[in-house]
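Peer 1: I have a structure I would like to understand better, so I am pasting it below and will then ask my questions one at a time.
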Amino acid sequence: MIILDASAVVALAQGHRALHHLADNVAHTPGEWLHVPALCLMYAESMAKGIAGDVLALPGVMVDALHQTAAATVGSMHREGWGGTDTCHALYIATPHRETGGMSIILTGREDNYPPGVLTVDIDSPGMLGFH
């Protein structure tokens, strides 16, 4: 599963080339989605008006809701110092669950916000997910 954190959502809305190529490829791959944790979308929209609408208009983007179990876990993670609520929601979504299984990748412009052992890819790294 590929997850976009708030920094990646902002970059996508602002026309980040590699992220747009990725979004286009995902949109043309049946059953695949770019996952955006709801709190990352909220934080991105709080940074600049219209970002949420721009990203939601793209095909292949799915918002992962903050359901009751996620809310409790994200709140605990935030209290324990794992980062802001947006970062904690991205971490929660990236954690393997029965429904998702497997390791997830968090695309971010803020790799230093994530603890060791979390698979992150900097959106500006050369060849990010094969795009130049």
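Peer 1: Just wondering, is there one or more residues in the range 83-90 that are in contact with an Asp or Glu (Cβ under 9 Å, 6 or more places away or on another chain), touching a residue at least 60 places away in the same chain (Cβ under 8 Å), in a loop (DSSP other than H, G, I, E, B) and over 16 Å from Ile2 (Cβ atoms)?
Peer 2: no
Peer 1: Can you confirm whether the range 40-56 contains a residue that is modelled with pLDDT under 95, in a loop (DSSP other than H, G, I, E, B) and open to solvent by less than 60 Å² (accessible area, probe 1.4 Å)?
Peer 2: So far as the range 40-56 goes, yes, one or more of its residues are modelled with pLDDT under 95, in a loop (DSSP other than H, G, I, E, B) and open to solvent by less than 60 Å² (accessible area, probe 1.4 Å).
Peer 1: Within the range 6-31, can you find the residues that are surrounded by 14 or more Cβ atoms within 10 Å (Cβ to Cβ) and in a loop (DSSP other than H, G, I, E, B)? Don't jump to the end; show me each part of the working.
Peer 2: To start, the set of residues in the range 6-31 that are surrounded by 14 or more Cβ atoms within 10 Å (Cβ to Cβ) comprises 6-13, 16, 18-23, 25-27.
Residue satisfying the conditions is His16 alone.
Peer 1: If you don't mind, there's one more thing I want to ask. Looking at (1) within 14 Å of the chain's Cα centre (by Cα); (2) open to solvent by less than 60 Å² (accessible area, probe 1.4 Å); (3) under 14 Å from Leu12 (Cβ atoms), which one does Ser104 not meet, given that it meets all the others?
Peer 2: Among (1) within 14 Å of the chain's Cα centre (by Cα); (2) open to solvent by less than 60 Å² (accessible area, probe 1.4 Å); (3) under 14 Å from Leu12 (Cβ atoms), the lone unmet condition for Ser104 is (3).
The values are calculated or read from the model by the stated rules, or taken from the named source; none is laboratory data. In this text, all values refer to a predicted model and were calculated from it rather than measured experimentally. A quick note on method: Cβ atoms are made from the backbone with ideal geometry, for glycine too, and the neighbour counts reach across all protein chains shown. Side chains included, ligands, DNA and RNA excluded: accessible areas come from the protein's heavy atoms. Shrake-Rupley method; radii C 1.70, N 1.55, O 1.52, S 1.80 Å.
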